[in-house]
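The structure under discussion appears below in the form of structure tokens.
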Amino acid sequence: MAYRKIKLDVSDAIATVSLSDPATLNAAALDMVEELIEAFQGLAEDDAVRAVILTGEGRGFCSGANLNDPRTTALTDGRVPDLGLALESHYRPFIEGLRNSPVPVIAAVNGPCAGIGMAFALACDLIVAGEGARFILAFRRIGLVPDGGLTWLLPRIVGKARALEMMLLGEDVPARTALDWGMVNRVVPETELMEASRALAGKLATGPRSLGLMRTLMWEALDQPLDAQLESERRAQSEAGRTGDFLEGVTAFQQKRAPRFTGR
């Protein structure tokens, strides 16, 4: 597929997916989301890819959904827009694709990260933010509600009080505050954002296959009881124990050398 609204680069087992509509600060129009879904489906099937970076081209990560996209605000038979249709057909499948990625995904956040773009970032496994990054939930300004899983994701990350503060007041949260709140993993100078993100992705890309199982377990743990989680751990451990990476890890430990994992 020839992409128009995103860019995809794969090198050294790391895929970098860039939102690429800088004139709109990478507003997520439906054609962009279609390309994102296509790209991540392909990456999920590519055994050579062992880590993914999601970022935005230009001055911002993503300014939110593109409400100038006529398909987003399409009129129903009642002649009123149903914005839930675009959520069901596009944004939800992409968020679920991020959630179900077989390999770790890093969000490299530069500049504004707003609305559905913030949902994209929070649905990743790790977030590296540039010092100028700003996290914005401005739904109150346009009479809408947070979507893309934000009402599920955000309180689990920062707690109910801070999540409601962001949603109800719509005030920007700068990168350093996001770090203090536990919303992001690292804050780096803007000029070092991609270098730092790629270095982190490199550590993941040279890790064992079990890293993918770890991130799946963590996502499952957010919404299932202990007995179910113990069963999930049992299944994942059985799968990890059948990998070549487990054998390599044990052999390397016995030989007192660094392991050479292949992701298989």
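Any read-out appearing in this document is the output of simple, stated calculations on the displayed coordinates, not a laboratory observation. On a predicted model such as this, the values are computed, not experimentally measured, just so you know. Neighbour counts are summed over all protein chains in view; Cβ atoms, including those assigned to glycine, are modelled from backbone coordinates with ideal geometry.
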Subject >> Principal axis dimensions, largest first and in whole angstrom, of the stretch 61-183 by Cα >> reply: 47, 36, 25
Original post:
How many nm separate the modelled label positions at residue 234 and residue 218, each set 7 Å beyond the Cα in the direction of the Cβ?
Top reply: 2.5 nm
Subject >> Nearest-20 debye value, the stretch 210-254 charge dipole, Cβ charges on Lys, Arg, Asp, Glu >> reply: 120 debye
Original post:
So what is the orientation-averaged projected area of the chain, using the convex hull of its C-alpha atoms, in nm²?
Top reply: 15.8 nm²
Subject >> Sites residue 250 and residue 47, calculated FRET efficiency, Cβ-Cβ separation with R0 25 Å, nearest 0.05 >> reply: 0.65
Original post:
By count of other Cβ within 10 Å, fewest leading, how are 238, 232, 101 ordered?
Top reply: 238, 232, 101
Subject >> Fewest-first ranking of 47, 31, using other Cβ atoms within 10 Å as the exposure measure >> reply: 47, 31
Subject >> Percent antiparallel among DSSP beta bridges (both partners in the chain, rounded to 5) >> reply: 30 percent
Subject >> Electrostatic dipole magnitude of the stretch 55-193 [Cβ: Lys, Arg +1; Asp, Glu -1; Cα centre; debye, to 20] >> reply: 240 debye
Subject >> Convex hull volume per residue in cubic angstrom - Cα atoms of the stretch 198-241 >> reply: 58 Å³
Original post:
Which listed residue (246, 173, 232) has the Cα farthest towards the positive end of the charge dipole for the stretch 172-264, taking +1 on Lys and Arg C-beta and -1 on Asp and Glu C-beta about the Cα centre?
Top reply: 246
**OP:** For the stretch 123-188, state the average projected area of the convex hull of the C-alpha atoms over all orientations, rounded to one decimal in nm².
**Re:** 4.2 nm²
**OP:** For residue 172 and residue 7, compute 0.36 nm times the residue count separating them, minus their Cα-Cα distance, and round to one decimal in nm.
**Re:** 56.6 nm
